[in-house]
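Worksheet: the structure to be examined is printed underneath.
Please treat every number below as a calculation from the coordinates, not as lab data. The shown structure was predicted, so the numbers you read here are calculated from the model rather than taken from an experiment. For neighbour counting, all protein chains shown are included, and Cβ atoms are generated from backbone atoms with ideal geometry for every residue, glycine included.
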Amino acid sequence: MAETQSFPLLCLENPLLDIQGVGDQAMLDKYGMKPNDTILAEEKHMGIYEDLLSNRNAKLIAGGAAQNTARGAQYMLPPNSVWYVGCVGEDEYAQTLREACKKEGVHTEYMVVTHQPTGKCGVVINEHNRSMCTHLAAANEYKLDHLKSEKIWSMVEKTEVFYVGGYHLTVCVPAIMALAEEALAKNKPFLLGMGAAFIPQFFKDQLAQVMPYCDYVFGNEDEAEVWAKSQGKDTKDLKEIAKMMCEVPKKNKHRPRTVVITHGTQPTITARMNTDMVVEFNEFPVHAISDEEINDTNGAGDAFAGGFTAGVVQGKSLEDCVHMAQWLARLSLKELGPSYPFPKQTYQG
């Protein structure tokens, strides 16, 4: 048998093809959506994908939050650093995703099903707002058996850092827990991106199951506030919320939990429990970017997580990780969709 490939970073979540077009408030109203919505598709939303393709000159872009993060981390890391796992259909959309990831240097090990198409996300851009409507389809079919198969699990065992996107809490918690237990047993960093406000709102129990294993937790202000509310705390104080997250009991006592909360152009807040069990805070100003430079906000949070995770893989300091995250998010804002510029730009530190 050939030797198992190894990559420092594994990302797990829901591979999606983004169908992204410029819309307006009338289009959002038509499908019962709001500016900057992030929702799962119901029957009433199913027409949005063809609407975008036929009437909005939609672009097809590799998406899915953690897949965006994987591509972002690989953008900043040496070749052959990142691999990605999720479930796709046996169709042309899956091939589009494979080709996009290959072009950007991310190795994919997709589970493939024949009874569902590859998942897709309708992205409506309205000025600087973006509203997303996701039909998980095949992405919702991921199973622990794939992760635990001989080939895939042997790759997992050689992986040094795990990043899981919060959307996968709606799909296959056992797969997340398998990675979490592997990280705990071998003292590997385990990172979780919360993903969207509906995760702590409607998948509170699944999130609570995973939180004790998390060495790093990422969220924006909306996700943080909803998480606090799910814990019975009606507060918008992001430092207080970050402290609460840090204080969730932790399995791995060798790694302090770090909570990272972004807030648009306002400073990025980090909180970390020190060895004296006191939470230490930092605030990192966001480098300004003019409205004229912003092409699209879709995927900026995923890019932030990608830059930060690349820093974790490289053993960088917290400060360096945040600077890497902000640098990559800034690049993403200037691109269409969750993308990064080519020729590749080099982070100078």
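The count of lysine pairs in the range 1-117 whose Cα atoms are under 30 Å apart, excluding pairs fewer than 8 places apart on the same chain, comes to 7.
Reported to the nearest whole Å, the Cα centre-to-centre distance from the range 182-251 to the range 8-47 is 23. Extension gain for the segment residue 53 to residue 148, taken as residue separation times 0.36 nm less the Cα-Cα distance, is 30.5 nm to one decimal. Extension gain, residue 288-residue 320: 0.36 nm per intervening residue step, less the Cα-Cα distance, totals 9.7 nm. Evaluated with a Cβ-only charge set (Lys, Arg +1; Asp, Glu -1), the chain carries a dipole of roughly 740 debye about its Cα centre, given to the nearest 20.
Here is how the number arises for the chain: DSSP H runs of 4 or more residues each give -39500 (n - 2.57), the sum is divided by the residue count, and the result at 222 nm is -10500 deg cm²/dmol.
Centre-to-centre separation between the Cα atoms of the range 123-174 and those of the range 288-324: 20 Å. Is the shape of the range 112-246 best called rounded, prolate or oblate, per the rule: a/c under 1.5 gives rounded, else a/b larger than b/c gives prolate, else oblate, with a ≥ b ≥ c the square roots of the Cα gyration tensor eigenvalues? It comes out oblate by the Cα gyration axes.
Apply the a/c threshold of 1.5 to the C-alpha gyration tensor of the chain and tell me whether it is rounded, prolate or oblate.
Taking the square roots of the gyration eigenvalues as a ≥ b ≥ c, the chain is rounded.
Projected label points at residue 276 and residue 30, each 7 Å from Cα along the beta carbon direction, are separated by 6.0 nanometres. Only Lys, Arg, Asp and Glu carry charge here, each on its Cβ (+1 for the first two, -1 for the last two); on that basis the range 223-349 has a dipole of about 680 debye about its Cα centre.
Give the cross-link partners of residue 250 among the lysines, using a straight C-alpha distance below 23 Å as the criterion and excluding same-chain residues fewer than 8 apart. Straight-distance partners of residue 250: 186, 188, 204, 229, 233, 239, 316. Placing unit charges on the Cβ atoms of the charged side chains and taking the dipole of the chain about its Cα centre, the candidate lying farthest along the positive direction among 217, 180, 343 is 180. Toward the positive end of the charge dipole of the range 1-112, with +1 on the Cβ of Lys and Arg and -1 on the Cβ of Asp and Glu, the farthest Cα among 77, 46, 67 is that of 77. Taken one residue at a time, the phi angles of the range 272-284 give Karplus couplings (6.51, -1.76, 1.60, θ = phi - 60°) of 9, 7, 8, 5, 8, 6, 10, 7, 9, 10, 9, 10, 10 Hz. Gly and Pro are set to x. Bridges between two residues of the chain, per DSSP, are antiparallel at a rate of about 40%.
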